[in-house]
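Asks: Here you go, one structure.
The values are calculated or read from the model by the stated rules, or taken from the named source; none is laboratory data. Bear in mind that the values here come from a model prediction, so they are computed numbers and not experimental data. Because the Cβ atoms are built from the backbone with ideal geometry, glycine has one as well, and the counts that use them run over all protein chains shown.
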Amino acid sequence: MSDTKAPCAGSCPIDRARFLRSAAVAALAGIGGAALLADPAFAQSVDSVVPTRSQGKVLTYAVPAKEGALIDAGNGVVVARVKNTVYALSITCPHRAVTTLEWMPDAREFHCPKHDAHFQSDGELIDGRPDRAMDRYAVRRSGKTIMVDTAAILQQDTEQDAWSRAAVTVA
Ligand code: FES
(Lines give C-alpha, C1' and ligand atoms only; values in the text may rest on other atoms or scores of the structure.)
Protein backbone atom coordinates (compact mmCIF):
# COMPACT_ATOMS: atom_id res chain seq x y z
CA MET A 1 0.00 0.00 0.00
CA SER A 2 1.56 3.27 -1.09
CA ASP A 3 0.71 5.14 2.13
CA THR A 4 3.05 2.92 4.06
CA LYS A 5 6.04 3.20 1.77
CA ALA A 6 9.25 4.25 3.43
CA PRO A 7 9.87 7.99 3.09
CA CYS A 8 12.56 9.01 0.70
CA ALA A 9 15.93 9.80 2.13
CA GLY A 10 17.69 12.92 0.99
CA SER A 11 15.78 13.64 -2.18
CA CYS A 12 12.24 12.96 -3.25
CA PRO A 13 9.69 14.78 -5.29
CA ILE A 14 6.38 13.83 -3.68
CA ASP A 15 3.25 12.81 -5.50
CA ARG A 16 0.93 15.78 -5.44
CA ALA A 17 -2.05 13.90 -4.05
CA ARG A 18 -0.13 12.38 -1.21
CA PHE A 19 2.65 14.71 -0.29
CA LEU A 20 1.29 15.70 3.08
CA ARG A 21 0.86 12.14 4.20
CA SER A 22 4.36 11.41 2.93
CA ALA A 23 5.71 14.42 4.78
CA ALA A 24 4.02 13.27 7.94
CA VAL A 25 5.47 9.81 7.50
CA ALA A 26 8.91 11.30 7.00
CA ALA A 27 8.55 13.39 10.14
CA LEU A 28 7.38 10.42 12.14
CA ALA A 29 10.26 8.39 10.82
CA GLY A 30 12.64 10.91 12.29
CA ILE A 31 14.03 12.36 9.12
CA GLY A 32 15.10 15.78 10.24
CA GLY A 33 17.87 18.26 10.57
CA ALA A 34 18.56 20.42 7.60
CA ALA A 35 16.06 20.72 4.79
CA LEU A 36 15.85 17.73 2.50
CA LEU A 37 16.27 19.02 -0.99
CA ALA A 38 14.26 17.65 -3.85
CA ASP A 39 15.32 16.52 -7.27
CA PRO A 40 17.11 19.40 -9.03
CA ALA A 41 15.16 18.58 -12.18
CA PHE A 42 12.16 20.22 -10.55
CA ALA A 43 12.01 23.98 -10.90
CA GLN A 44 10.04 24.02 -7.69
CA SER A 45 10.66 21.40 -5.06
CA VAL A 46 8.63 20.04 -2.22
CA ASP A 47 9.84 18.00 0.68
CA SER A 48 9.52 17.53 4.36
CA VAL A 49 11.46 19.43 6.95
CA VAL A 50 11.66 19.65 10.71
CA PRO A 51 13.08 22.52 12.72
CA THR A 52 16.74 22.39 13.57
CA ARG A 53 15.81 24.01 16.86
CA SER A 54 12.68 24.78 18.85
CA GLN A 55 12.49 27.39 21.59
CA GLY A 56 8.94 27.55 22.81
CA LYS A 57 6.89 28.70 19.84
CA VAL A 58 9.94 29.85 17.87
CA LEU A 59 11.12 27.31 15.31
CA THR A 60 14.42 27.52 13.48
CA TYR A 61 14.96 26.15 9.97
CA ALA A 62 17.88 26.19 7.58
CA VAL A 63 17.44 28.76 4.84
CA PRO A 64 16.03 26.83 1.86
CA ALA A 65 18.75 26.51 -0.75
CA LYS A 66 16.36 26.68 -3.69
CA GLU A 67 12.85 27.57 -4.67
CA GLY A 68 10.04 25.36 -3.45
CA ALA A 69 8.00 24.37 -0.44
CA LEU A 70 9.33 22.57 2.61
CA ILE A 71 6.60 21.04 4.73
CA ASP A 72 6.86 20.77 8.49
CA ALA A 73 3.77 18.64 8.95
CA GLY A 74 4.30 18.27 12.69
CA ASN A 75 4.07 22.01 13.27
CA GLY A 76 1.76 22.90 10.39
CA VAL A 77 4.34 25.21 8.85
CA VAL A 78 5.35 25.56 5.23
CA VAL A 79 8.70 27.21 4.57
CA ALA A 80 8.30 28.53 1.05
CA ARG A 81 11.08 30.08 -0.99
CA VAL A 82 9.96 32.16 -3.96
CA LYS A 83 13.02 33.38 -5.83
CA ASN A 84 15.05 35.08 -3.10
CA THR A 85 12.26 35.55 -0.59
CA VAL A 86 11.26 33.10 2.13
CA TYR A 87 7.85 32.92 3.77
CA ALA A 88 6.57 30.84 6.65
CA LEU A 89 2.99 29.89 5.87
CA SER A 90 0.31 28.07 7.78
CA ILE A 91 -0.58 24.81 6.07
CA THR A 92 -4.18 25.21 7.20
CA CYS A 93 -6.72 26.63 4.77
CA PRO A 94 -7.90 30.09 5.84
CA HIS A 95 -11.47 29.25 4.80
CA ARG A 96 -11.94 26.53 7.36
CA ALA A 97 -9.17 26.07 9.81
CA VAL A 98 -9.46 22.30 9.77
CA THR A 99 -8.49 21.65 6.17
CA THR A 100 -4.88 21.00 5.28
CA LEU A 101 -3.64 22.46 2.03
CA GLU A 102 -1.72 20.51 -0.58
CA TRP A 103 1.26 21.72 -2.59
CA MET A 104 0.96 21.22 -6.35
CA PRO A 105 4.54 21.30 -7.63
CA ASP A 106 3.67 21.30 -11.32
CA ALA A 107 1.33 24.25 -10.98
CA ARG A 108 3.53 25.83 -8.29
CA GLU A 109 0.59 26.56 -6.07
CA PHE A 110 -1.24 25.36 -3.00
CA HIS A 111 -4.59 23.66 -3.34
CA CYS A 112 -7.43 23.17 -0.89
CA PRO A 113 -9.03 19.79 -1.52
CA LYS A 114 -12.16 20.70 0.43
CA HIS A 115 -13.53 23.47 -1.82
CA ASP A 116 -10.96 23.60 -4.61
CA ALA A 117 -9.30 26.89 -3.68
CA HIS A 118 -5.85 27.78 -5.01
CA PHE A 119 -3.05 29.91 -3.58
CA GLN A 120 0.23 31.16 -5.00
CA SER A 121 3.48 29.84 -3.57
CA ASP A 122 3.79 32.98 -1.43
CA GLY A 123 0.32 32.34 -0.01
CA GLU A 124 -1.64 34.89 -2.06
CA LEU A 125 -5.16 33.75 -2.91
CA ILE A 126 -5.71 32.85 -6.58
CA ASP A 127 -9.32 31.71 -6.44
CA GLY A 128 -11.85 29.94 -4.28
CA ARG A 129 -14.01 30.52 -1.22
CA PRO A 130 -11.44 31.97 1.21
CA ASP A 131 -11.64 35.72 1.70
CA ARG A 132 -7.95 36.07 2.38
CA ALA A 133 -4.55 34.64 1.52
CA MET A 134 -2.87 31.86 3.47
CA ASP A 135 -1.89 32.96 6.94
CA ARG A 136 1.76 33.77 7.49
CA TYR A 137 3.97 33.57 10.55
CA ALA A 138 6.34 36.29 11.62
CA VAL A 139 9.79 35.35 10.37
CA ARG A 140 13.29 36.74 10.63
CA ARG A 141 16.67 35.72 9.36
CA SER A 142 19.55 34.76 11.62
CA GLY A 143 22.67 33.89 9.64
CA LYS A 144 22.00 30.76 7.63
CA THR A 145 18.74 30.09 9.40
CA ILE A 146 15.29 31.56 9.55
CA MET A 147 13.35 31.83 12.78
CA VAL A 148 9.60 31.40 12.66
CA ASP A 149 7.42 32.65 15.49
CA THR A 150 4.41 30.35 15.42
CA ALA A 151 2.81 32.40 18.20
CA ALA A 152 2.58 35.30 15.75
CA ILE A 153 0.19 34.09 13.06
CA LEU A 154 -0.80 36.90 10.72
CA GLN A 155 -3.97 37.17 8.70
CA GLN A 156 -3.95 39.19 5.51
CA ASP A 157 -7.36 40.75 6.01
CA THR A 158 -6.89 41.98 9.57
CA GLU A 159 -3.11 42.56 9.70
CA GLN A 160 -2.32 43.63 6.15
CA ASP A 161 0.94 45.47 6.86
CA ALA A 162 2.40 42.85 9.18
CA TRP A 163 1.28 40.09 6.81
CA SER A 164 3.00 41.81 3.89
CA ARG A 165 6.22 42.24 5.87
CA ALA A 166 6.30 38.62 7.03
CA ALA A 167 9.08 37.58 4.69
CA VAL A 168 12.86 37.52 4.58
CA THR A 169 15.26 38.09 1.73
CA VAL A 170 17.87 35.38 1.48
CA ALA A 171 20.07 36.49 -1.40
S1 FES B 1 -11.82 24.70 3.43
FE2 FES B 1 -10.39 25.41 1.96
S3 FES B 1 -11.57 26.48 0.51
FE4 FES B 1 -13.02 25.77 1.98
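Asks: Can we say residue 86 is closer than 19 Å to residue 162 by Cα and among the hydrophobic types (A, V, I, L, M, F, W, C)? Give the steps one after another, and end with the answer.
Replies: Numbers: closer than 19 Å to residue 162 by Cα: yes; among the hydrophobic types (A, V, I, L, M, F, W, C): yes.
The answer is yes for residue 86.
Asks: Quick one: count up the residues across region 56-85 that are more than 12 Å from residue 149 (Cα to Cα) and among the polar types (S, T, N, Q).
Replies: Going through region 56-85 one residue at a time, the tally reaches 2.
Asks: Any residue at all in region 149-164 that is touching a residue at least 60 places away in the same chain (Cβ under 8 Å), exposed (fewer than 13 other Cβ atoms within 10 Å of the Cβ) and within 12 Å of residue 59 (Cα to Cα)?
Replies: For region 149-164, residues touching a residue at least 60 places away in the same chain (Cβ under 8 Å), exposed (fewer than 13 other Cβ atoms within 10 Å of the Cβ) and within 12 Å of residue 59 (Cα to Cα): present.
Asks: Another question, if that's okay. Pick from region 49-67 the residues that are hydroxyl-bearing (Ser, Thr, Tyr) and assigned to a strand (DSSP E or B): which of them is surrounded by the fewest Cβ atoms within 10 Å (Cβ to Cβ)?
Replies: Looking only at region 49-67, we keep the residues that are hydroxyl-bearing (Ser, Thr, Tyr), and these are 52, 54, 60-61.
Still in the running and assigned to a strand (DSSP E or B): 54, 60-61.
On the way: 54: 12, 60: 14, 61: 23.
Ranking the qualifying residues of region 49-67, first place goes to 54.
Asks: Within region 134-165, count every residue that is of a type in the set (S, T, N, Q), under 20 Å from residue 65 (Cβ atoms) and in contact with an Asp or Glu (Cβ under 9 Å, 6 or more places away or on another chain). Show your work before the answer.
Replies: Residues of region 134-165 of a type in the set (S, T, N, Q): 142, 145, 150, 155-156, 158, 160, 164.
Subset that is under 20 Å from residue 65 (Cβ atoms): 142, 145.
Still in the list and also in contact with an Asp or Glu (Cβ under 9 Å, 6 or more places away or on another chain): none.
Within region 134-165, residues that are of a type in the set (S, T, N, Q), under 20 Å from residue 65 (Cβ atoms) and in contact with an Asp or Glu (Cβ under 9 Å, 6 or more places away or on another chain) number 0.
Asks: Let me ask something additional. Restricting attention to region 77-100, which residues are within 16 Å of the ligand (Cβ to nearest atom) and in contact (Cβ under 8 Å) with a residue 60 or more places away in the chain? Before you say what the answer is, go through the steps one by one.
Replies: Quick first cut of region 77-100, residues within 16 Å of the ligand (Cβ to nearest atom) only: 78, 89-100.
Within region 77-100, 90, 91, 94, 100 qualify.
Asks: Could we say that residue 131 is acidic (Asp, Glu) and away from the ligand (no atom under 16 Å from the Cβ) here?
Replies: In short, no.
Asks: Can you tell me which residue within region 104-113, out of those that are within 11 Å of the ligand (Cβ to nearest atom) and under 13 Å from residue 69 (Cβ atoms), is surrounded by the most Cβ atoms within 10 Å (Cβ to Cβ)?
Replies: Step one: list which residues in region 104-113 are within 11 Å of the ligand (Cβ to nearest atom), which gives 110-113.
Subset that is under 13 Å from residue 69 (Cβ atoms): 110-111.
Details: 110: 26, 111: 19.
My answer is 110.
Asks: Now for a separate question. Hey, residue 124 hits all of (1) modelled with pLDDT of 95 or more; (2) out of contact with any Asp or Glu (no Cβ under 9 Å at 6 or more places or on another chain); (3) more than 16 Å from the ligand (Cβ to nearest atom) but one; which does it fall short on?
Replies: Single failed check for residue 124: (3).
Asks: Just wondering, is there one or more residues in region 145-157 that are within 15 Å of the ligand (Cβ to nearest atom), at negative phi and among the β-branched types (Val, Ile, Thr)?
Replies: No.
Asks: Give, as residue ranges, the strands (runs of 3 or more DSSP E) completely inside region 68-157 that count at least 2 residues that are touching a Cys at 6+ places or on another chain (Cβ under 8 Å) and farther than 27 Å from residue 52 by Cβ. Lay out the reasoning, then the answer.
Replies: Numbers: elements: 68-72, 77-82, 85-90, 102-104, 109-112, 117-120, 125-127, 136-142, 145-154.
The strands (runs of 3 or more DSSP E) meeting that bar are 117-120.
Asks: While we're here: Run residue 116 past the list (1) within 15 Å of the ligand (Cβ to nearest atom); (2) touching a Gly at 6+ places or on another chain (Cβ under 7 Å); (3) under 18 Å from residue 72 (Cβ atoms) and report the number of the one that doesn't hold.
Replies: The single condition residue 116 does not satisfy is (3).
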